[in-house]
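Written below as structure tokens is the structure these notes are about.
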Amino acid sequence: MLVSSIQLFLNSFLTLFNNSMYSVLLSIYFCQVDEYHSVRQKLTADMADHSNLIKSMVVRAEDARLMDDM
């Protein structure tokens, strides 16, 4: 993941300058970003599932309407 590679780069960069406090803070922030990204992915997948369910319901309703008209 891009976030992981950026985190590794920044952690190694800060380690070179011996700023362990900033490294810890960045690690915490990147962990939060990873959590937000995971939640966003789950919500996106849930929206796609619900969208497909609604589409199938609309098709079934249209089919039922047409069957009654015949």
Just name the residue that is modelled with the highest pLDDT out of those in region 9-39 that are open to solvent by less than 60 Å² (accessible area, probe 1.4 Å) and under 17 Å from the mean Cα position of the chain (by Cα).
HIS37
Matching entry among LYS42, LYS55 (being more than 30 Å from ILE6 (Cβ to Cβ), open to solvent by 80 Å² or more (accessible area, probe 1.4 Å) and in a helix (DSSP H, G or I))
LYS55
Would a scan of region 52-62 turn up a residue that is modelled with pLDDT of 95 or more, of a type in the set (D, E, K, R) and out of contact with any strand residue (DSSP E or B) (no Cβ under 9 Å at 6 or more places or on another chain)?
yes
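The values are calculated or read from the model by the stated rules, or taken from the named source; none is laboratory data. Worth saying up front: this structure is predicted, and the values here are computed from it rather than measured. As a convention, Cβ positions derive from the backbone with ideal geometry for all residues, glycine included, and neighbour counts pool all protein chains shown. Surface accessibility is based on the protein's heavy atoms, side chains included, excluding ligands, DNA and RNA. Shrake-Rupley method; radii C 1.70, N 1.55, O 1.52, S 1.80 Å.
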